[in-house]
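Chemist: Please find one structure pasted underneath; my questions will follow.
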Amino acid sequence: MRVDTDDLAMLLKLQHIDLEILRAKKRLEELPQRAAILEARTKRKAVEQKRVRLDALRADADQRLANVGDEDAALAEKQRRVQAEIDEAHGDYRSVEARSKELDGFAKRRAALEAELAAIGEELERIEGVQGQVAQMLVALDEKERAATESFVKEGGVLKDVVFRGEAERTALASSLPEELLASYEKTAARTGGVAVGRLQGESCGACRMAIERGRLIDMKGQGNVGVCPQCGRLLVLE
Ligand SMILES: [Zn+2]
């Protein structure tokens, strides 16, 4: 086909812009912050689950601690009552003996409760320690995600701007190109996923490097200044 020189220059400019848009989109897609954000969120989910388990463990330990405390307080109250009864018995031997046995029972149980209390206390200390670590991990992960997001918005914003301005520019350019030429270009670009126009270099296609048979080349040149590469099918600028 024969293409006006100005149109040819515009076509090459359009390709240049399109490639810039493609590159910017690809870089946007591959920004490492994307993976970092995703990783921080995934880790956060796992740590959150751990936090929930720890909270349940702690609530359970707290409950047991409260139960032991209640039982101990009740026993202390009973001890006081029985002791008062002993004091009031004024040496009634049988009554004192029975009450003393009761007191012994209370004391033993309270000693056992004290040991239990200490054990639960240690357990709580361990849980609180891990809870502290988990809280720190969550803070660190939040910070990681925040920093990655901030950097993504900044870098991504620049790339999005390139895409946005490129698309505006290509729309303007495309509207001034002859329809048929634009359609060929769009079709070829869609098929090749990038470079749609090559320049002839010597006797080879500048895009796929394939040498074109001389007779064929003369034919192509006879038909105009833009042909189609017989190897890769791209538009080939022949002049
Ligand atoms: Zn080619």
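Chemist: If you check Ala211 against the conditions, is it modelled with pLDDT of 95 or more and away from the ligand (no atom under 16 Å from the Cβ)?
Modeler: Considered against the rule, which asks whether it is modelled with pLDDT of 95 or more and away from the ligand (no atom under 16 Å from the Cβ), Ala211 comes out as no.
Chemist: Still on this structure, please answer the following. Can you name the residue in segment 225-239 that is in a loop (DSSP other than H, G, I, E, B) and closer than 16 Å to Ala9 by Cβ and is also nearest to the ligand (Cβ to nearest atom) among such residues?
Modeler: Result: Leu238.
Chemist: While we're on this one: Please count how many residues of segment 4-61 are in a helix (DSSP H, G or I) and either of a type in the set (A, V, I, L, M, F, W, C) or in contact with a His (Cβ under 7 Å, 6 or more places away or on another chain) (or both).
Modeler: 25
Chemist: Since Ala190 meets every condition but one in (1) without any contact (Cβ under 8 Å) to a residue 60 or more places away in the chain; (2) at positive phi, which condition does it not meet?
Modeler: In the conditions (1) without any contact (Cβ under 8 Å) to a residue 60 or more places away in the chain; (2) at positive phi, Ala190 misses (2) alone.
Yes or no, residue by residue, for (1) surrounded by fewer than 16 Cβ atoms within 10 Å (Cβ to Cβ); (2) touching a residue at least 60 places away in the same chain (Cβ under 8 Å); (3) farther than 25 Å from Glu125 by Cβ:
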{"position": "Glu30", "(1), (2), (3)": "yes, no, yes"}
{"position": "Ala66", "(1), (2), (3)": "yes, no, no"}
{"position": "Asp87", "(1), (2), (3)": "yes, no, yes"}
{"position": "Phe106", "(1), (2), (3)": "no, no, yes"}
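Chemist: Got at least one residue in segment 187-206 being more than 16 Å from the ligand (Cβ to nearest atom) and charged (D, E, K, R)?
Modeler: No, every residue in segment 187-206 fails to be more than 16 Å from the ligand (Cβ to nearest atom) and charged (D, E, K, R).
Chemist: Looking only at residues in segment 127-179 that are of a type in the set (Asp, Glu) and within 23 Å of Arg34 (Cα to Cα), which one is surrounded by the most Cβ atoms within 10 Å (Cβ to Cβ)?
Modeler: The selected residue is Glu145.
Chemist: A further question follows. Looking at the structure I just gave you, is Gly215 among the small types (Gly, Ala, Ser), in the same structural domain as Gln15 (by TED's automatic domain parsing), on the phi < 0 side of the Ramachandran plot and surrounded by fewer than 13 Cβ atoms within 10 Å (Cβ to Cβ)?
Modeler: Answer is yes for this residue.
Chemist: Now for a different question. Given (1) in a helix (DSSP H, G or I); (2) out of contact with any Asp or Glu (no Cβ under 7 Å at 6 or more places or on another chain), where does Met1 come up short, assuming only one miss?
Modeler: If we test Met1 against (1) in a helix (DSSP H, G or I); (2) out of contact with any Asp or Glu (no Cβ under 7 Å at 6 or more places or on another chain), just (1) comes out false.
The values are calculated or read from the model by the stated rules, or taken from the named source; none is laboratory data. All figures in this text were calculated on a predicted structure; none of them were measured in a lab. Cβ: placed from backbone, ideal geometry, glycine included. Neighbour counts: every protein chain shown.
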